[in-house]
1. Please report, in whole Å³, the volume per residue of the convex hull around the C-alpha atoms of region 344-460.
2. Distance between Cα centroids, region 164-215 to region 570-612: provide it in whole Å.
3. Let me know the charge dipole size of region 87-213 about its Cα centre in debye, to the nearest 20, where only the beta-carbon of Lys, Arg (+1) and Asp, Glu (-1) is charged.
4. Find the all-direction average of the projected area of the Cα convex hull for region 473-518, expressing the result in square nanometres with one decimal place.
5. Quickly estimate the mean residue ellipticity at 222 nm for the chain, helices only: each DSSP H run with n ≥ 4 gives -39500 (n - 2.57), and the total goes over all residues, rounded to 500.
6. Apply the Karplus parameterisation 6.51 cos²θ - 1.76 cosθ + 1.60, with θ equal to phi minus 60°, to every residue of region 523-540 and state each ³J(HN,Hα) to the nearest whole Hz, in sequence, with x for glycine and proline.
7. For region 736-879, treating each Cα as an identical point scatterer without solvent, what Debye log10 I(q)/I(0) comes out at q = 0.17 1/Å?
8. Out of every Cα pair in region 299-339, what percent are spaced more than 16 Å from each other?
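The values are calculated or read from the model by the stated rules, or taken from the named source; none is laboratory data. Fair warning: this is a prediction, and the values are worked out from it, not measured in the lab. Here the Cβ is made from the backbone with ideal geometry for all residues, glycine too, and neighbour counts use every protein chain on show. These accessible areas exclude ligands, DNA and RNA; they are computed on the full protein's heavy atoms, side chains included. Shrake-Rupley method; radii C 1.70, N 1.55, O 1.52, S 1.80 Å.
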Amino acid sequence: MIRLVRSAVVLVMTVAAVHAAQVKAVKLTQPVSVDGKLNEPVWSIAPAVTEFTQKEPNQGTAPSQRTEVWVAYDDDALYIAARLHDSSPDSIMALLDRRDNLNTADWFGVFLDPYRDKRSGNYFVLGPSGTMADGVLYNDDWDDDDWDGVWEGSSSIDEQGWTVEMRIPFSQLRFTEKEQQVWGINFRRDIGRKNENSYLVYTPRMESGYVSRFPELVGIEGIKPANALEVLPFLTTKAEFTHPAPGDPFNNGSRYTPEVGADIRYGLSSNLILNGTVNPDFGQVEVDPAVVNLSDVESFFSEKRPFFVEGANIFTNYGQGGGRNFWNFNFPYTTPFYSRRIGRSPHGNDTLGGSDFYHQPFATRILGAGKVTGKVGDGWNVGTIHAVTAREHADFKTGTHRGEAEVEPSTYYGVGRVQRDFNDGKQGIGILGTYTHREFSDQVLRNGLNNSGSFVGMDGWTFLDTAKTWVVTGYTNLSHVEGTRERMTALQRNSQHYFQRPDASHVDVDTNATSMTGLAGRFYLIKQQGNFFFNSSLGFIDPKYEVNDLGFQSRADVINMHVGGGYNWSEPDGLFRRKELGGGFGQSFDFQKNLIHRVLVHFGFVQFMNYYTLNWNFAYNPTTTLSNRRTRGGPLTVNSKGWDFNLNASSDYSKEVVVEMFGYTYRSDETDIKSAGFWVQYRPAPNVNVSVGPDWTDEVSKVAYGGGDFEDPSYTLTYGRRYLFSELAYRQISANIRLNWTFTPTLSLQLYMQPLVSSGSYSNFKQLVRPSSNEYLIYGTNGSTITKTGDEYTVDPTGTGTGAVHTFSDPNFNFKSLRGNAVLRWEYLPGSALYFVWTQNRSDYENTGDLALSRSVDRLISAKADNIFLVKMSYYFNM
């Protein structure tokens, strides 16, 4: 009987938490001092919100501590106050951290949907020590902390717990102009020591939809969207101290660069915001990690520049509407908008290869960029970005001759996006388009880059039931590029396309082409509510698809499909808080119907009652498949059967010390990979966070690409060319080391360091014997010869000295680097900041395949360091 009563109470609380009543805001009659003290009369008059419900750890039950929240407003801002009762005030986890770093601790947050579109909004979070976080909500379930609003917040700890006051200017929010506003609102409270979070309204564990569940915020009347002009001018000065080659006439080892620019934000209307930047500076961002890339695929780095990061979700969530879990199963990563193309490192010029010295800019200057985002018409979400980059030149010297060469043309980049959902979010449709156009003044450069590139795609979704359990979602894309015949020929032969493959009947190189048009698409069927989950997709990328002018594409020529599912146990059982088991099947073909990938997958996840977690993934390749990329434009080869397994474990994130560990292995006849590592985070004080994450990789490949390929008309088995491979033993040791020291909520120091030591030892050089096989001739056997003179190998496949002979450099390497930076940031006024940045990079290279850790570390320490110092000051004007 007692159990039945408790179950009934939980059911009533759950229903209330999913369908909460309205929240009432009251109009201020006197100013509020945002000091976290709650001593203004309005907080005793306004109706309090108290009906919170736990989501974690005990879903649907009452919170362990009482929470009271009040909402008020004036003509310019929304005010939030909260009393967070705590029976043990001395146990409050009052971490002082840098902005947006929401570690497990005590927090209070407010979530707003000012448009009341039930899919998007903003959130604002404050901790007991005054640490702030904010971001945007989108796609109903997702959030992004890259947006930084200008708002005020203060908190205070007392004998009853702690209190919060927030002031959120209407200028930071987007809403429709009307006399009586009705918004969506939600609140969340975290109690770190208990791993507890409670909401006014929450999303049950096996369901989806968050913003769409928000209760109404009513009572706001007579306010107008602020069309204020916000201007953020900035001044920077940068000093670079490097170590150029002796006699370099363009670099004496030091360079000083002052810059000035400005960012602007203006409300074009109640629904549209313009963001602009003139001569932007991105010097304070964290350095990219060092990567040793031995593949034929470009490395992808995440965007870190504020102008492109903030509000980017309207562009980056293309193709992902409606769903919340998109499985991959070896589908090549591609995105039509990769903002790092704008202001990238200059492409370079082939004529510089023979010069004695040359100097070109590190990055292409962005002359100006503008972005408009918001809503128009009957609920259409819109976004557009336009940017223009400068024509860049390099100075060069060859002998006594000095000159200048164009290394990057003046370029226009444009992106446009419209999207709308219908029927309370049950259906949606959108369009994304991009365009790139270059103006050349150098024919050599014209032959190395596309003249223009355009893309248009349509995405959308529809739920198959009223409960939004099953959803079909996807996209269809069209790309088109234009350029000279030389450029189009090179494009067809590059690593994304490989049209020159001699045994490919579906593609060939058209040397007269001046354009290329391709298609791509992917469609999902997903079950995303309930304990049982299901995920399937069918996708394709046309061989002629190309979006790398303003997007990112690793490869083309693939048809991919998968189907999978599993079961999730969401209720604690005494040993586990949560369990998940699942699996799936996936495979890929090229457009010639060659099977290039097939896999069976099992995965699992468990969280123990002490909040430790364990997750694993096992994949098995049950059949041999064909590789259309191993020879890098040559004939097909065979991939043998294989399997891989990875295991990850983590401890309780609410503790002073947090540990994560991982291990991975892959085995096949061609490859043996082992890697492992761990990550430790330690908080010696509430405002200091130290983390260390070393990892180790040991990879042995029997058919690594090495030595290239060379022409031999007499060897017709592989179409008149010989394709060279080798055994490669690759080893790497690296670490990510961070220190975050937060002195006040507005003053912080970040330190980052990444040491890396790697080596590659090549041996048993060989050639492919015949297409569509795994037969290889090891040089030095069966009459063939291989000799080494100095740092060069010479191979003679027949050993007679009369046929084709090939010479190539010793590919062995030992590379080590140390990268790091230090950023001191002081927000001396809301929205205004002062940065001091120090970046250091040192590296060393040897033509040896031994890791020799002790020697490598000694050489790295003694290597000359390049240092960059930067000071940046910005000041926020709200006009």
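1. Numbers: hull volume 12.7 nm³, N = 117.
That works out to 109 Å³ per residue.
2. 32
3. Details: 14 positive and 23 negative charges, 66 e Å.
Dipole magnitude for region 87-213 comes out near 320 debye.
4. On the way: hull surface 16.1 nm².
Averaged projected area of region 473-518's Cα convex hull equals 4.0 nm².
5. So the calculated ellipticity at 222 nm is -1500 deg cm²/dmol.
6. Using θ = phi - 60°, the values come out as 9, 10, 10, 10, 9, 10, 9, x, 5, 7, 10, 9, 8, 8, 7, 9, x, 8 Hz.
7. The Debye formula, applied to the Cα set alone, gives -0.99.
8. Details: 390 of 820 pairs.
So the pairs more than 16 Å apart make up 48 percent of the total in region 299-339.
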